[in-house]
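**Student:** Can you read through this structure? Questions will come right after.
The values are calculated or read from the model by the stated rules, or taken from the named source; none is laboratory data. Owing to the predicted nature of the structure, the values given are computational and were not obtained by experimental measurement. For neighbour counting, all protein chains shown are included, and Cβ atoms are generated from backbone atoms with ideal geometry for every residue, glycine included.
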């Protein structure tokens, strides 16, 4: 057996030292530990503060946990979204705020697509993001609208009529208010604005109104002369046409 | 010496579960038309808007497909209201034509509770008819 083992790798047997064999454990009179060991024991001792009964009442208040825990942590993604939201507010001349009832994405996607085709963007931003974006700016009043579920449409004022037409088909999206060219309008004002003609037509209407004052005056001044001219024309007609009343017309012309 | 037990055995789940419980109990069969009117810039419209959001969910509108939910936006700082017109056939028996909730000072939960108190009981009872016919009866009928 030993001869065979000599051919294989030989391992040395471990050195065994006995500490305790079936003896009693000494708890009552432990021996003094080594200095290094004692240092480690002293460092790792737990520290218990004064008991709650001895503390002043201020320190035993439990509400502090709730107020302290709600510290606002700065979230960089929220800041980015707030910047994006503010950009949208600044670049679009028309901003419309909608109240959203329960609607599935299946029903919302065609509305989103129809608005996109007309150069309008339907976006959702939460209350916190919008308040971060608009606090301190001139859009501050808008925060009052953001209490339930809402969406925002960003676009240009020319497409207001089309927007109302698209939203008519979805009763779940309700127009609340809007900002057009930095003016906050209510829903009725928005509807009126959408019914207005385009800017060029409005300008031409203004021109015609301004012109009408002058042309009215000119017409009134020329009225008498024109009446006289028309009467004379009639007389000439009557005179030139061969009728038995020729003598009478001759007398009239002379007078 | 022990004090006899006092207090609740079960804890309430909070406002959200109370709202959910009320929503499950809602039955709009007696309502013909619901009109919610509010001013979006008002201070006290949060709960009305939330109530409107819950009412517009498909589950509740399934209880009565003929009931129309209409929203009116006003700009005159008036108080938010919820008007419910009762179906004429039920209005005759119950002597109520219209129910109006002035929701300026009501929370969403209270609105739903009032709805369940006044509108849901007016709904006509469903008649469950289960007729089980045996094969021989059916054969007899065919002949």
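**Student:** Scan segment A:79-98 and tell me whether some residue there is farther than 29 Å from residue B:43 by Cα and surrounded by 11 or more Cβ atoms within 10 Å (Cβ to Cβ).
**Tutor:** Yes; the residues of segment A:79-98 include at least one that is farther than 29 Å from residue B:43 by Cα and surrounded by 11 or more Cβ atoms within 10 Å (Cβ to Cβ).
**Student:** Let me ask something else about it. If you take the residues of segment A:119-155 that are more than 24 Å from residue B:44 (Cα to Cα) and surrounded by fewer than 15 Cβ atoms within 10 Å (Cβ to Cβ), which of them is nearest to the chain's Cα centre (by Cα)?
**Tutor:** Once the filter is applied, the top-ranked residue is A:123.
**Student:** Kindly establish whether residue A:58 is more than 30 Å from residue A:129 (Cα to Cα), over 53 Å from the mean Cα position of the chain (by Cα) and not in a loop (DSSP other than H, G, I, E, B). Show your work before the answer.
**Tutor:** On the way: more than 30 Å from residue A:129 (Cα to Cα): yes; over 53 Å from the mean Cα position of the chain (by Cα): no; not in a loop (DSSP other than H, G, I, E, B): yes.
Considered against the rule, which asks whether it is more than 30 Å from residue A:129 (Cα to Cα), over 53 Å from the mean Cα position of the chain (by Cα) and not in a loop (DSSP other than H, G, I, E, B), residue A:58 comes out as no.
**Student:** Return the residues of segment B:73-106 that are surrounded by fewer than 16 Cβ atoms within 10 Å (Cβ to Cβ), at negative phi and within 14 Å of chain A (Cβ to nearest Cβ); say none if nothing qualifies.
**Tutor:** B:75, B:76, B:78
**Student:** Out of segment A:99-110, which residues are within 14 Å of chain B (Cβ to nearest Cβ) and surrounded by 11 or more Cβ atoms within 10 Å (Cβ to Cβ)? Let's see the steps before the verdict.
**Tutor:** Initially, segment A:99-110 is screened for residues within 14 Å of chain B (Cβ to nearest Cβ), giving A:99-108.
Those that are within 14 Å of chain B (Cβ to nearest Cβ) and surrounded by 11 or more Cβ atoms within 10 Å (Cβ to Cβ): A:99, A:100, A:101, A:102, A:103, A:107, A:108.
**Student:** Let me spell it out: the conditions are (1) assigned to a helix (DSSP H, G or I); (2) more than 14 Å from chain B (Cβ to nearest Cβ); (3) touching a residue at least 40 places away in the same chain (Cβ under 8 Å); (4) over 14 Å from residue A:98 (Cα atoms), and residue A:113 meets all of them except one. Which number is the exception?
**Tutor:** Failing condition for residue A:113: (3).
**Student:** From the residues in segment A:133-155 that are touching a residue at least 40 places away in the same chain (Cβ under 8 Å) and in a helix (DSSP H, G or I), which one is farthest from the other protein chains (Cβ to nearest Cβ)?
**Tutor:** Looking at residues that are touching a residue at least 40 places away in the same chain (Cβ under 8 Å) and in a helix (DSSP H, G or I), I get A:133.
**Student:** Name the residue that is nearest to the other protein chains (Cβ to nearest Cβ), counting only residues in segment A:172-183 that are touching a helix residue (DSSP H, G or I) at 6+ places or on another chain (Cβ under 7 Å) and assigned to a strand (DSSP E or B).
**Tutor:** My answer is A:176.
**Student:** Please go through (1) modelled with pLDDT under 95; (2) under 52 Å from the mean Cα position of the chain (by Cα); (3) outside any helix (DSSP H, G or I) for residue A:96 and return the number of the only condition it doesn't satisfy.
**Tutor:** Tallying (1) modelled with pLDDT under 95; (2) under 52 Å from the mean Cα position of the chain (by Cα); (3) outside any helix (DSSP H, G or I), residue A:96 fails exactly one: (1).
**Student:** Looking only at segment B:43-54, filter to residues that are surrounded by fewer than 18 Cβ atoms within 10 Å (Cβ to Cβ) and more than 16 Å from residue A:100 (Cβ to Cβ); which one of those is nearest to the other protein chains (Cβ to nearest Cβ)?
**Tutor:** If we take residues in segment B:43-54 being surrounded by fewer than 18 Cβ atoms within 10 Å (Cβ to Cβ) and more than 16 Å from residue A:100 (Cβ to Cβ), then B:43 is nearest to the other protein chains (Cβ to nearest Cβ).
**Student:** Out of the residues in segment A:156-171 meeting the condition of being within 14 Å of another protein chain (Cβ to nearest Cβ) and touching a helix residue (DSSP H, G or I) at 6+ places or on another chain (Cβ under 7 Å), tell me which one is surrounded by the fewest Cβ atoms within 10 Å (Cβ to Cβ).
**Tutor:** Of segment A:156-171, the ones within 14 Å of another protein chain (Cβ to nearest Cβ) are A:164, A:167-168, A:170-171.
If we keep only those that are touching a helix residue (DSSP H, G or I) at 6+ places or on another chain (Cβ under 7 Å) as well, we get A:164, A:170.
Numbers: A:164: 15, A:170: 17.
For segment A:156-171, the residue satisfying everything is A:164.
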